[in-house]
1. Name the residues in the stretch 219-235 that are over 15 Å from Lys146 (Cβ atoms) and outside any loop (DSSP other than H, G, I, E, B), would you?
2. Just for the stretch 162-218: of the residues that are part of a strand (DSSP E or B) and among the charged types (D, E, K, R), which one is nearest to Thr39 (Cα to Cα)?
3. Return yes when Asn82 is within 27 Å of Ala126 (Cβ to Cβ) and at pLDDT 95 or above and no when it is not.
4. Is it true that some residue in the stretch 133-146 is under 18 Å from the mean Cα position of the chain (by Cα) and under 28 Å from Asn62 (Cβ atoms)?
5. Exactly one of (1) of a type in the set (D, E, K, R); (2) touching a strand residue (DSSP E or B) at 6+ places or on another chain (Cβ under 8 Å); (3) modelled with pLDDT of 95 or more; (4) over 29 Å from Asn62 (Cα atoms) is unmet by Glu187. Its number?
6. For residues that are loosely packed, with under 15 Cβ neighbours inside 10 Å and of a type in the set (A, V, I, L, M), scanning just the stretch 192-204, find the one that is modelled with the highest pLDDT.
7. Name every residue in the stretch 104-123 that is more than 18 Å from Gly65 (Cβ to Cβ), exposed (fewer than 15 other Cβ atoms within 10 Å of the Cβ) and not small (Gly, Ala, Ser), in order of residue number.
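The values are calculated or read from the model by the stated rules, or taken from the named source; none is laboratory data. In this text the structure is predicted, and so the values were computed from the model without any measurement. Here the Cβ positions follow ideal geometry from the backbone for every residue, glycine too, while neighbour counts run over all protein chains shown.
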Amino acid sequence: MEKVIPLLVAVMFHTSSLSQSVLGFWEVKEVMVGADIKTPVAKWIKVNDDGSYQSGNGWLQNSEGTWSYDKSSQTYLPVEANGIDGHYGAFKVSFKDTRMIWERDEDGLHVTVKLERTTKLPKSTADKFVGLWNLKDVLKKGASEKSLIDPDNKHYFFMRWDRMYVERTPEGEKRMGFWHMNAHRPEVTLMSNTLENKAESWTVLVAERELRMTGISNSNKDIVMIYSRVHEFPN
């Protein structure tokens, strides 16, 4: 028993040290800039024990660099390899329950970042948006107009991973363009390759099997397009 107790204490200390380490795979749960919530969509950070880190949003990695940690001041300093140096300095690090908290001042505002450990990449709205979507219904002021707009069940969208889309119109014509998802809000803008078709923006709600797009441009205001996810191109 005399040997077991010191061993248990050592294990508990080691476990506590690991749980209070900046190392690991983290998901950003909240970002406060002053009094405003500015949490990016599906933001994640991997802090590696070789002094490197990677970061991204959803399935897209968009940042990498090196990091250092000062134990005496309990500060974490990431240095971006490809981005812009904001000269904001290191984050003060603390831990509360299961979260790691970073704090520093940026442009006169106090910034607080709350992170939680994770084991897989979080999905962003853009990741869920990718795929083949067949039109199920069209609502205008709550009433269905599917039979008027797409009577022959022709319309679908294929949202490609490379941010291009392929559309079959209700008339059976094929069109292509680009889609851009807002980094902070579930809003997508569709930009057609043809000059006669203006760009349109929509708020999107993506479930596993359903896509709901609500128009927010002047040309599609209050129109709701409802799609079902399919895995074969419709006839």
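1. The initial filter retains those residues of the stretch 219-235 that are over 15 Å from Lys146 (Cβ atoms), namely 219-222, 229-233, 235.
Arg229, Val230 - these are the residues of the stretch 219-235 that are over 15 Å from Lys146 (Cβ atoms) and outside any loop (DSSP other than H, G, I, E, B).
2. Filtering the stretch 162-218 for residues part of a strand (DSSP E or B) gives 164-168, 174-181, 187-192, 200-206, 210-215.
Right, trim to among the charged types (D, E, K, R) and you get 167-168, 174-175, 187, 200, 210, 212.
On the way: Glu167: 32, Arg168: 36, Lys174: 37, Arg175: 35, Glu187: 15, Glu200: 25, Glu210: 25, Arg212: 23 Å.
Among those that are part of a strand (DSSP E or B) and among the charged types (D, E, K, R), it is Glu187.
3. Values: within 27 Å of Ala126 (Cβ to Cβ): yes; at pLDDT 95 or above: no.
So Asn82 fails the test.
4. Quick first cut of the stretch 133-146, residues under 18 Å from the mean Cα position of the chain (by Cα) only: none.
Scanning the stretch 133-146, I find no residue that is under 18 Å from the mean Cα position of the chain (by Cα) and under 28 Å from Asn62 (Cβ atoms), so the answer is no.
5. (4)
6. By that ranking, first place goes to Ala199.
7. Asp105, Asp107, Leu109, His110, Glu116, Arg117, Thr119, Lys120, Lys123
To keep it simple, each residue is scored yes or no on (1) touching a residue at least 60 places away in the same chain (Cβ under 8 Å); (2) touching a strand residue (DSSP E or B) at 6+ places or on another chain (Cβ under 8 Å); (3) under 30 Å from Met164 (Cα atoms).
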| residue | (1), (2), (3) |
| --- | --- |
| Thr66 | no, yes, no |
| Tyr69 | no, yes, no |
| Glu80 | no, yes, yes |
| Thr98 | no, yes, no |
| Thr125 | yes, yes, yes |
